[in-house]
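Step one of this worksheet: look at the structure below.
The values are calculated or read from the model by the stated rules, or taken from the named source; none is laboratory data. A quick note: this is a predicted structure, and the numbers were derived from the prediction, not measured. Neighbour counts run over all protein chains shown; Cβ positions are idealised from the backbone, glycine included.
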Amino acid sequence: MLDGGPASDPRGRLDAWLLTDDCELIREIRARARVRGLEPVVGSFFSPDLTLKPYPVIHTSHAAYGYVLQTRRKKIVWAPEFLVFPKWAARADLMFAEAASWERPIHFVGRVGGHCAAVSVAEEARRLGVRRLVFAHIGRSTIRAIDAGKRAPFGEFGADGQRYIVRVSRGPR
């Protein structure tokens with residue numbers, strides 16, 4: 001499990017509950033994870049077919065991370081919040097990314113971080129060879145832009161409950 005808000009309770013068995021930071025939902029996440037015998041942490045997970053590793057992002061005054069989920073042939077990036085597009089997301093097959101703001105970044109008080117604008121995220125993702133971009137952290141100004149019929153130059157908007165399948169072709173090992 002990665003992060004997880006109130007409406008995202010996972011089904012089935014979990015091996016790990018990984019976090020991007022100590023967010024405002026941390027108390028609820030900890031309680032839900034502990035019911036499953038897990039402690040939510042920023043950390044790595046390794047299995048024979050999948051590796052998840054945290055990488056730093058510039059987002060707030062405390063440490064914050066995104067993740068690379070790597071299979072033998074596919075790279076998936078989970079980076080729902082950042083002020084500066086993470087270069088380590090380059091050439092991702094699928095990236096879930098920031099869209100809290102539409103055209104201008106949001107700067108936190110004291111300029112200790114913030115949120116990158118969706119339009120900038122789209123342009124940078126395309127420039128760095130991201131194959132499919134899904135906006136996952138959608139804020140008010142982005143919702144207003146969507147309602148006004150605007151579209152990002154690249155990418156699509158995620159929806160609660162939507163599934164994303166990354167096909168891994170079977171070839172010689």
Taking the stretch 72-83 and the residues there that are in contact with a strand residue (DSSP E or B) (Cβ under 8 Å, 6 or more places away or on another chain) and in a loop (DSSP other than H, G, I, E, B), the one that is modelled with the highest pLDDT would be Lys74
Only one of Ala64, Ala7 is exposed (fewer than 14 other Cβ atoms within 10 Å of the Cβ) and within 28 Å of Pro105 (Cα to Cα), namely Ala7
Scanning the stretch 84-99 for residues that are at pLDDT below 95, of a type in the set (A, V, I, L, M) and surrounded by 22 or more Cβ atoms within 10 Å (Cβ to Cβ) gives Ala99
Scanning the stretch 15-33 for residues that are farther than 25 Å from Gly114 by Cα and modelled with pLDDT of 90 or more gives Asp15, Ala16
Checked the stretch 32-71 for anything in contact with a strand residue (DSSP E or B) (Cβ under 6 Å, 6 or more places away or on another chain), of a type in the set (S, T, N, Q) and over 16 Å from Asp21 (Cα atoms); matches are Thr51, Gln70
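Are any residues in the stretch 133-153 among the hydrophobic types (A, V, I, L, M, F, W, C), more than 19 Å from the chain's Cα centre (by Cα) and outside any loop (DSSP other than H, G, I, E, B), and if so, which ones?
Passing the criteria: Ala145, Ile146.
Quick one: how many residues across the stretch 93-114 are touching a strand residue (DSSP E or B) at 6+ places or on another chain (Cβ under 8 Å) and touching a residue at least 40 places away in the same chain (Cβ under 8 Å)?
Initial filter on the stretch 93-114 (touching a strand residue (DSSP E or B) at 6+ places or on another chain (Cβ under 8 Å)): 93-108, 113-114.
Remaining after also requiring touching a residue at least 40 places away in the same chain (Cβ under 8 Å): 93-94, 96-97, 99-103, 108, 113-114.
Result for the stretch 93-114: 12.
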Subset of the stretch 115-138, residues among the β-branched types (Val, Ile, Thr) and in contact (Cβ under 8 Å) with a residue 40 or more places away in the chain, comes to Val130, Val134
